[in-house]
Amino acid sequence: MPNQPLTDYRPLFIGLDALIPIMDGNCRCYTNLDNAASTPPLKAVQQAVDDFLVYYSSVHRGTGFKSQLSTHAYEQARQIVMRFVGANSTDHTCIFGKNTTEAINKLARRLPFDPKRNIVLTSGMEHHSNDLPWRAVTQVIHIGLTPDGQLDEAELDTQLSRYADKVALVALTGASNVTGFINPIHRLAEKAHAVGALFLVDCAQLAPHRKIEMLRLDQPEHLDFITLSAHKMYAPFGTGALIGRKDIFEHGDPDMSGGGTVEIVTLDSVVWSAPPEREEAGSPNTVGAVALAAAIRQLESVGMPEVAHHEAALTRYALEGLSRIQGLKVFGDHDPSNADGRLGVIPIQLEHVTHFLAAAILGYEFGIGVRSGCFCAHPYILHLLGLSKEESAEVRRRMEAGDKSEMPGLIRASFGLYNTLEDVDTLLEALSRISKGDYKGDYIQNRATGEYSAVGWQPDFAAYFNL
Ligand SMILES: Cc1ncc(COP(=O)(O)O)c(C=O)c1O
């Protein structure tokens, strides 16, 4: 255990004391270690939403008190998000949308690429959301990785100088959703800017765990664009944001048009609004924006250095414990002394139990929620697992034939602010037992999905929630 007891942040969150059923007939509190996917809501978020809903009304186009108040709240939320990431309203705009995926797709459609000439440099460690949208609009080069899964910065340097005048954008993740590696974003941004490229950071993972500073555009290490998702920041109300250079959105047509995006429309012409309105077609998710801003306020009051410190202590403790379990391998960086410089996202493999089965047992028998598989980062997982081109092709062939039963993958445990050392102990105990074959259920696999279910046991969801 760490020398200093960790602060208990559980009271700030909703639902952590709720009991869930496990296979032996007992109930227990859920141990949620799937925060890299989505996080539980903060009470402060629920409170803000409750308070706001009393006055909720149409934004922007309404003239009554409630409409004006709703508009005020929506615009205040925008300012709070911008301040949180060190953006300023001279250089930047904040465009609300659903999530990071939507934000990156929007940017891909809005940057004026010449597909014959322009290249986007991304990497092999990206979530598909920071890879596929670029492939759809121009040529993409994936920067390679070191064997343990870190960005190969020397290769980035080589590609930047080789394609200097063609690289329109370098689009990299701030932190990996698989290994928790954090990229040196400001150093990389400076290199991108030196060849005239723009620099995007996918902050879906970074934003809930680290302070982000976009900096002013005249600083060489500034970030041109960042994206984030509120459901990973304890505010699951369907909002995300693209924050970035205002000048880019002052030109060209919006990627989606309709109500809210225009100053004036005639039957044969249109004058677009200034950003961000030009980029937010249709009625916005005002409640989601309020929720995100309330989560940010709470994170700021805890303090981002403390958030990072708390999660590093959990990660250190987990890596120490995992190293003592026989037949278990941690991918990426397994050194506990490096916990401060990474996120608490730990990819794990058990020698004798596949990731699909291990995840099912963790859920059914121990009440632990993790994620298993490839975490929307197929190329990265294949790299980490060291699969050859031929082996990867065979994986693809089996998938295309509708059989995921042998899909390569890992189990991922990921921490949030509310997790405790006891949560880590619960995981360690469960993994240690599973790796020894000490589990009770009889499991059957669905070959189409790869997932396992326990024979003869099915939780009664309707007893817990029903519409
Ligand atoms: C690094 C990273 N980028 C992008 C995404 C996509 O986020 P969303 O599903 O909120 O669009 C995720 C989600 O897991 C992620 O981890």
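The values are calculated or read from the model by the stated rules, or taken from the named source; none is laboratory data. These figures come from a predicted structure and were not determined experimentally. A quick note on method: Cβ atoms are made from the backbone with ideal geometry, for glycine too, and the neighbour counts reach across all protein chains shown. Side chains are part of the model used for accessible areas, which takes the heavy atoms of the whole protein and leaves out ligands, DNA and RNA. Shrake-Rupley method; radii C 1.70, N 1.55, O 1.52, S 1.80 Å.
Structure values in brief
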{"item": "Relative contact order, percent, the chain [alpha-carbon distance under 8 Å, six or more residues apart]", "result": "20 percent"}
{"item": "Stokes-Einstein D in µm²/s, Kirkwood radius over Cα pairs - segment 315-413 at 37 °C with 0.692 mPa s viscosity", "result": "226 µm²/s"}
{"item": "Stokes-Einstein D for segment 132-255, Kirkwood Rh over Cα pairs, 37 °C, 0.692 mPa s (µm²/s)", "result": "212 µm²/s"}
{"item": "Stokes-Einstein translational diffusion, segment 341-467 - Kirkwood Rh over all Cα pairs, 0.692 mPa s, 37 °C, in µm²/s", "result": "204 µm²/s"}
{"item": "Surface accessible to a 1.4 Å probe, per residue, for the residues of segment 86-169, Å²", "result": "42 Å²"}
{"item": "Highest-first arrangement of 155-163, 125-133, where packing means the average Cβ count within 10 Å", "result": "125-133, 155-163"}
{"item": "Heavy atoms of HIS352: accessible area, 1.4 Å probe, square angstrom to 10", "result": "140 Å²"}
{"item": "Label-point separation, ARG28 to ASP8 (7 Å along Cα→Cβ), nm", "result": "1.8 nm"}
{"item": "Exposure rank, largest accessible area first [ARG371, ARG109; 1.4 Å]", "result": "ARG109, ARG371"}
{"item": "Filtered trypsin sites (Lys or Arg not before Pro), segment 310-367: DSSP coil and at most 15 other beta carbons within 10 Å", "result": "ARG324"}
{"item": "For segment 373-467, accessible area per residue (1.4 Å probe, heavy atoms of protein chains only), Å²", "result": "55 Å²"}
{"item": "Pairs from LYS98/LYS389; LYS106/LYS232; LYS66/LYS232; LYS116/LYS389; LYS232/LYS436; LYS191/LYS329 whose Cα-Cα separation, in the structure shown, is over 24 Å", "result": "LYS98/LYS389; LYS66/LYS232; LYS116/LYS389; LYS232/LYS436; LYS191/LYS329"}
{"item": "Accessible area of the chain belonging to carbon and sulfur atoms, whole % at 1.4 Å probe", "result": "52 percent"}
{"item": "Taking segment 292-404 and dividing mean pair separation by its residue count, relative contact order in percent (alpha carbons under 8 Å, at least six apart)", "result": "17 percent"}
{"item": "ASP253 paired with HIS72, simple spin-label distance in nm, labels 7 Å along Cα-to-beta-carbon", "result": "3.8 nm"}
{"item": "Chain lengthening between PHE461 and GLU390 when straightened (0.36 nm per residue, less Cα-Cα)", "result": "21.3 nm"}
{"item": "Mean projection area, nm², convex hull over Cα of the chain", "result": "24.7 nm²"}
{"item": "Cα gyration tensor shape for segment 307-364, rounded if a/c is under 1.5, else prolate or oblate", "result": "prolate"}
{"item": "Calculated FRET efficiency for the pair LYS211/SER273, C-beta based, R₀ 35 Å, to 0.05", "result": "0.65"}
{"item": "Shape of segment 203-268, Cα gyration tensor, a/c cut at 1.5", "result": "oblate"}
{"item": "Cα long-axis angle, helix 389-400 against the chain (0 to 90 degrees, to the nearest 10)", "result": "90 degrees"}
{"item": "Inter-centroid distance (Cα atoms) of segment 48-92 relative to segment 103-177, Å", "result": "33 Å"}
{"item": "Label-point separation in nm, GLU406 to GLU263, each point 7 Å along Cα→Cβ", "result": "6.3 nm"}
{"item": "Solvent exposure of segment 264-363 as accessible area per residue, Å², 1.4 Å probe", "result": "40 Å²"}
{"item": "FRET efficiency for HIS352 and GLU306, using Cβ-Cβ distance with R0 set to 30 Å, rounded to 0.05", "result": "0.15"}
{"item": "Geometric extent, Cα atoms of segment 142-195 - Rg, Dmax (angstrom)", "result": "11.2, 32"}
{"item": "Per-residue SASA entry for PHE237, accessible area with 1.4 Å probe, Å² rounded to 10", "result": "80 Å²"}
{"item": "Fully extended contour minus Cα-Cα distance, from TYR55 to ASN446, at 0.36 nm per residue", "result": "136.0 nm"}
{"item": "Largest-first ordering by accessible area, 1.4 Å probe, given options CYS374, CYS29", "result": "CYS29, CYS374"}
{"item": "Whole-angstrom Cα spans of segment 1-73 along principal axes, big to small", "result": "56, 37, 21"}
{"item": "Dimensionless Rg over Rh [segment 224-369; C-alpha; Kirkwood]", "result": "1.16"}
{"item": "Cβ crowding within 10 Å averaged over residues, with 402-415, 40-53 ranked highest first", "result": "402-415, 40-53"}
{"item": "Backbone N under 17 Å from the LEU19 label point (7 Å along Cα→Cβ), restricted to segment 448-467", "result": "459-465"}
{"item": "Segment 397-436 shape via C-alpha gyration tensor axes, a/c threshold 1.5", "result": "oblate"}
